[in-house]
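Have a look at the structure below, then the notes.
None of the figures in this text is laboratory data; all of them are computed from the coordinates on show. This is a predicted model, so every value here is computed, not measured. Glycine gets a Cβ as well: all are built from the backbone with ideal geometry, and neighbour counts include every protein chain shown.
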Amino acid sequence: MTLVADTDRQSFVLLRLGDRRFALAATQISELVPPTRVFRFPHDTSEIEGVIIRRGRIVPVCDVAEKLLGKALRSRRFYLIAQQSYGKHKEWLALPVTGDCELVNAEMTRPSSSDGPHVAGWISHAGDVIEVLNLATLTPSSAELANPSASEGSAAKQPEAQP
C-alpha cells in the first residue's frame, strides 16, 4: 500500500440553488446560518435584496440564483456567509441557499474558454460535475456598492436625507 499526498486537492462547499448544485472554495466561506429577517431599504443595487445582521455586522444579501438559474429563490433554507475580496479588503455577503451544504475535497479543473465568467472551474463529486463559482462576477463590485448609479450609467442625483 502506498501513501499518496493529496497536494492538488482543495476543500469546497457544495451549495444547492433550486435543483442544481454549485461549489465555492471553502476558504471563501465564513459560516452557514439559518434564515433570518432581511431588512429591506431603498437602494439602486439590484443584486442586493437587503441586509441581515450577523455577529454585530451588517451583511448584504445577494441572491445569485437569478443570474445562475434565471429566477430568484422563493424559499431559503440557509444563508451561506461568504467573503468577497475588494482589493485587500474583505467583506461578508449572505448567499441564500435552498438545501443542505456539504464540505468536500476535490481537484478543480480550470474553466474552458467557452465557460461563462461566473465559472472559476469544475469539480467532480459523487458522479456529478459541478461548477465552482467565481463570486466576484456574480456579486456587486466595491465601486457599485459605493456608487450604485455609476454601474447603471446613470447621472441622476441620488436622493438626500431630509429632516
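Taking other residues whose beta carbon is less than 9 angstrom from the beta carbon of Asp100, and scoring Lys, Arg as +1 and Asp, Glu as -1, yields +1. At an R0 of 25 angstrom, the distance between the Cβ atoms of Arg74 and His125 translates into a FRET efficiency of 0.40. The alpha carbon gyration tensor of the stretch 9-149 gives principal lengths a ≥ b ≥ c with a/c of 1.5 or higher and a/b greater than b/c, which makes the shape prolate. Distances between placed amide hydrogens fall under 5 Å for Glu107 paired with Gln10, Ser124, all partners being 5 or more residues away or on another chain. One Cα centroid belongs to the stretch 12-72, the other to the stretch 76-106; the line between them spans 7 Å.
Length gained on full extension, His89 to Asp8: 26.4 nm, using 0.36 nm per residue less the C-alpha separation.
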